[in-house]
Amino acid sequence: MTSNNAPPLNSLHELLLFGTVSATRQPALLRILAGYAGLQPHAILELHAYFKPTRSPTVVQQRGGSQGITGLKPGQQAQAGPKDLYFWQLVRNVEEDELTDAGSDAASSGTKPHKWQLQFRDTPEPGKRSAAIRFAVNQDVVHGDPEAYMQAMEYRYQSRHLLEGHRLVYNNVVISLYRAFVPREDSATALSPLPPRSQLQLLDPSGTYIVEANIRLSDRSNPTIINTGLKELDRLRTQLRDIIDLKVPDRLKLDTRVK
Amino acid sequence: MDDVDPDELRTLDQIRQHLLNLSLSMQSLQKDLVAQEDPRYNPLPSKQYLVSAEKAVKGHLESLHRLLSENAQFLREAHVYPTAQFPWNQEHLATMLLRKRLDPGVETWLAQGREATEALSADSQPDAMDYDGPAKRQQFDPAYWQDLWDFAAPETHQAIQNTFADVEGNQSQPSQTRRPPPPAPEVKELPLDDVLRVLAVGITPVVQGPFAR
């Protein structure tokens, strides 16, 4: 949902609710959601590579005397707390045949270059609300080697996993049902070919799916928009009340800061 | 994040062609129907001309309709977005194309058109091109609800059928209306919080030594 002078929508705030559904009930839930939304769900298969900053969080040093209470000279930075550093993700879509045994040694690096997207997710804001709100940035990598870029920014590849599931849109809400797969042995880089399905294991062995309900706001400062979004999520939650439980996530669990 | 599919591009181009043809034929018909200034000129074209023009317009409409319904799923899921190659000095074009809602005048006109067609056609089937979706419909016919049930929740449907089968006189036990309980999950599921943590920061590799970060 946007206001009239909306900034580009690759940086925005998200309103979030999460729930879970067991593997046995997931197909029925997907059909029910597709019925509500009036459209077929879109299959998603995404590779998420996580990058961790190599610097440790620095503290801004105060320079000079401490009598300058009256004001800061232009150019001086206000005394900030220790600057936080965050995890970043490189995400791309994965074709199913990259996960076959032949696909993993076929030139998945040779054929066509992959389209990566750099994703930043801030820690959700504190405060009691009916949904979590967090700032998010999605930036398509148009040109160049994304991993080299991250290294130049002093970020190091840490791990990666695959998300598989479906996504559909119901009015303003993007509903995603997915679960995560982890490679049995991970590679040293984000760009190396993916292991075949036999080498992937479920993060959650019970096969439970995550349900994510996500409304994107373009204008954080407009309370009308925020309230409309919260109301819509509430309406969705009551509509699905007997089918699935959508809850506000614990903000510290979604905290992407490096400790 | 996908590349433009050549098939999809061709579909869009075909739609554009058909719309263009339709628009041209309708325009020429309209031009010929408009009364000429010159009183000596016979304003109404011959019946034969009218019949053939009507056939042309109808043919274009039909082919367009066929094209749209064949590609209904793609069109429903497709959405417009500008790439970097868009000529950004024409920004007004981009904002016009990206509008989610049509102009209010256009919307009322569309609504009027829909009412008119529903009034005309006695058996109104749910249109494959109905973007409004079932949520916005005012009237449903029972066949449509039946389809929705079959699509959305076959297990529930089955339970209801069982229930009504009992009501119809068979002296079966009430336990038949209950579905068999789902098989107990064998593996305990991970708490949602833990999974969300992994989705936020990935999996920390095993620490190499006491000083590794």
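The values are calculated or read from the model by the stated rules, or taken from the named source; none is laboratory data. Computed from a predicted structure; not experimentally measured. Using ideal geometry, Cβ is built from the backbone for each residue, glycine included, and neighbour counts are taken over all protein chains shown.
Here are the numbers:
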{"quantity": "Filter result for A:Ile44 (facing another protein chain (nearest Cβ under 9 Å), of a type in the set (Val, Ile, Thr) and under 15 Å from A:Leu168 (Cα atoms))", "calculated": "no"}
{"quantity": "Residue match in segment A:186-208 (condition: among the acidic types (Asp, Glu) and under 21 Å from B:Ile203 (Cβ atoms))", "calculated": "yes"}
{"quantity": "Meets criteria (outside any helix (DSSP H, G or I) and over 30 Å from A:Asn227 (Cβ atoms)) for A:Gly165", "calculated": "no"}
{"quantity": "Test for B:Asn89: is it more than 30 Å from A:Leu47 (Cβ to Cβ), polar (S, T, N, Q), modelled with pLDDT under 85 and in a helix (DSSP H, G or I)", "calculated": "yes"}
{"quantity": "Answer from A:Ser159, A:Ser198 - the residue that is in a helix (DSSP H, G or I) and on the phi < 0 side of the Ramachandran plot", "calculated": "A:Ser198"}
{"quantity": "Sole exception among (1) modelled with pLDDT under 90; (2) more than 26 Å from B:Ala200 (Cα to Cα) for A:Pro223, by number", "calculated": "(1)"}
{"quantity": "Test: residue in segment A:217-231 that is in a strand (DSSP E or B), away from every other protein chain (no Cβ under 12 Å), in contact (Cβ under 8 Å) with a residue 60 or more places away in the chain and buried (at least 20 other Cβ atoms within 10 Å of the Cβ)", "calculated": "yes"}
{"quantity": "Failed criterion for A:Leu194 (all others in (1) at the interface with chain B (Cβ under 10 Å from one of its Cβ atoms); (2) at pLDDT below 90 hold)", "calculated": "(1)"}
{"quantity": "Residue within segment A:155-173 that is without any contact (Cβ under 8 Å) to a residue 60 or more places away in the chain and out of contact with any helix residue (DSSP H, G or I) (no Cβ under 7 Å at 6 or more places or on another chain) present", "calculated": "no"}
{"quantity": "Residue in segment A:82-100 that is facing chain B (nearest Cβ under 9 Å), outside any strand (DSSP E or B) and at pLDDT 80 or above present", "calculated": "yes"}
{"quantity": "Where A:Leu16 falls short, out of the listed (1) within 11 Å of chain B (Cβ to nearest Cβ); (2) under 25 Å from B:Arg76 (Cβ atoms); (3) modelled with pLDDT of 85 or more", "calculated": "(2)"}
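Per-residue answers, yes or no, for (1) out of contact with any strand residue (DSSP E or B) (no Cβ under 6 Å at 6 or more places or on another chain); (2) outside any helix (DSSP H, G or I); (3) in contact (Cβ under 8 Å) with a residue 40 or more places away in the chain; (4) more than 30 Å from A:Pro41 (Cα to Cα):
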residue: B:Pro45; (1), (2), (3), (4): yes, yes, no, yes
residue: B:Val51; (1), (2), (3), (4): yes, no, no, yes
residue: B:Ser63; (1), (2), (3), (4): yes, no, yes, no
residue: B:Arg76; (1), (2), (3), (4): yes, no, yes, no
residue: B:Thr83; (1), (2), (3), (4): yes, yes, no, no
residue: B:Thr95; (1), (2), (3), (4): yes, no, no, no
residue: B:Arg101; (1), (2), (3), (4): yes, yes, no, no
residue: B:Val106; (1), (2), (3), (4): yes, no, no, no
residue: B:Arg114; (1), (2), (3), (4): yes, no, no, no
